[in-house]
Every structure is written in structure tokens, then in C-alpha cells.
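Written out below as C-alpha cells is the structure these notes cover.
Read-outs: derived from the displayed coordinates by stated rules, not from any lab. Because the structure is predicted, anything quoted here is derived from the model rather than measured. Please note: Cβ atoms are built from the backbone with ideal geometry, for glycine as well, and neighbour counts cover all protein chains shown.
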Amino acid sequence: MDEKDLRTIIEQVLSEMNVGSTTAAETGACSKVCDKPANIEDGCIPDITEVDIRSQYLVEHPEHGEEYAELKMNAPCRLGIGKAGARYKTLPQLEFRAAHSAAQDAVFNDVDEKMVEDLGLFIVQTQCDCKDTYLTRPDLGRKLSPEGVATIKEKCKKNPTVQIYVSDGLSSAAVAANIPDLLPAILQGLQNYKIDVGTPFFVKYGRVGVMDEISEITGAEVTCTLIGERPGLITAESMSAYIAYKATVGMPEARRTVVSNIHRNGTIPAEAGAHIADIIKIMLEKKASGTDLKL
């Protein structure tokens, strides 16, 4: 296949992407056809990963289209994406494949260590020696390596009121997208409350349960881990905060409080940071977390 044939195929794909494409934002009644041409640059189609599928309504000649599109804006689901004969249209097919690729990248790629260092975080590792071990041996992701234990004992403040750390978890993309805003927001909120905070750091190949060992090592009253969540086909950048009061190894999961869905299309990082600081303040006042905490 030469360059001319490839360009012809791309033009056909772009033509299908534009025919019958409407969005709630472009039309009040989802009845006008998108007339903005898609551009070909160096033989490439536009970045389809940036599409907000909540505002995408591709059903041609719909009944009650305006009402359906308005409901669709409340949930990022692949609804109303239309069909070309018996199959889905080319655009949603490409978006689905792009989302799947982004999810795979988030799981299998490592967090950029330079970014971590730029945030002023030192790095320790669990007993997983590589990504494959991390994915196949969750138990090893809940235990620090001997070197990690020694580093934390050496570099972290002893017996802080709150110990915060970051972990890659199942999404390196979540760390890159959220931590630069999320971590400072939490630290600022706790500073405003005059709550003592330990030395933040980064755990490579970490599972949620490693926070229990970290809590015992540092002697923190409250431990908070900011960790990348398993990516889905809506976003690969979702992060959660797991917080526990006086966590101990082997404690029940019910003792953890979780703030989830932290990403640009969920709870934005800065807002989530302020909320997490409030929760930590309440935990310290009530000396409880998880199902024992009544907010």
C-alpha cells in the first residue's frame, strides 16, 4: 500500500466520522450535522482520545434526541453512538480501541521517576522486582522490600500525625495526571488545620495494603495513600485515596476510608485534596476510620 492509497483510506474514515455526527453542545436539538471538516496532518487523523463522549450523540434522525442527549451528559457511557449497518460507526470503534490502548499503557508503563523526584519524593519499592511480578503476585505488592523499610526509617519523620505517600498502583497515568495538583492541595489543607505531616514519598509496585506496614514503621496516627486505580474504558487516569486511622498489618479492609474517582472528569485533584484534608481532620477528632467513622 503506497502513500496515496493510505491517504484515500484516511479520507474515507474522516468522511464517515463527519457524516451524521452531532453533539449536544453544537445543536440544541441534536439535529444539525457537524460541518467542521476534520483535518489530515501528515497522514494522521485527529486525536480521538480527547473526545468528550458525554456530548457525543451519533444517532441519525433520532426520536426525542434532545432529551436523550441531555440525559447522556450526566454519565460518560458509550450510549447513542449510532450504527453503520450492522456495525458501529468508525469513530466510536476507533475511540473504543484508543481507550483500550490507553488502559493498557496505564497498567504496563512505569511512572516517570524524574517527575517523582521533581515533586521532592524519594522512591522505595515493594517486594515485587518487576511489573510482571506485581501483576501476578499481589501479596508481594503489600510488603516493602528490606531496602525500602530501611530507607523509610532513615528518611521519614518519626511518629507524625499524618503520613502521606504516593503509589503507582494499577495506573501510572493517574499519578502523572493528578499528583502534581492533588498532593500540594492535601498538604496545604493539613497545614491550614495545623496538622503535623510526615515526609511524603513514592512506593513503586505498591498495593493498597502496603500502607499498613508503612503505618507501623512510621508510627503515624493517620496514613493516607494516593494510588492509581485499575483503568477502564472511560478513563485511564483515575486515582483514589485510601486513608486509615492507626493502620496495622492484617487489619480488616473495613477500617479504610476511600475517596475515589479523582481525575479531570470526576472529582478534580485540587477539590479532592481539600476534601481529603477535611476527612483526615475528622478522623483525628473522632479517632476512627472506615465503617467506624461517622461523617
Can you give the extra length, in nm with one decimal, that the chain gains between Asp112 and Glu63 once fully stretched, where that is 0.36 nm per residue apart less the Cα-Cα distance?
12.8 nm
Whole-Hz Karplus couplings 3J(HN,Hα) for the range 282-294, θ = phi - 60° and coefficients 6.51, -1.76, 1.60, Gly and Pro as x, run 5, 4, 5, 5, 9, 6, 7, 8, x, 6, 7, 8, 9
Which cross-chain or sequence-distant (5 or more) residues have an amide H under 5 Å from the amide H of Asn261, H modelled 1.01 Å from N in plane?
Met239
Values of log10 I(q)/I(0), in the order q = 0.18, 0.26, 0.30 Å⁻¹, for the range 64-111 under a Debye, Cα-only, solvent-free model
-0.72, -0.98, -1.05
Quick one: plug the Kirkwood hydrodynamic radius of the range 109-292 (C-alpha pairs) into Stokes-Einstein at 10 °C, 1.306 mPa s, and report D in µm²/s.
99 µm²/s
Lys83 label point, 7 Å along Cα→Cβ, cut-off 14 Å on backbone N: hits in the range 51-74?
59-60
For a quick check: sort Val59, Val249, Val166 by the number of other beta carbons within 10 angstrom, fewest at the front.
Val249, Val59, Val166
With a 31 Å threshold on alpha-carbon distance, the violating pairs from Lys131/Lys194; Lys143/Lys281; Lys72/Lys281; Lys89/Lys131 are Lys131/Lys194; Lys72/Lys281; Lys89/Lys131
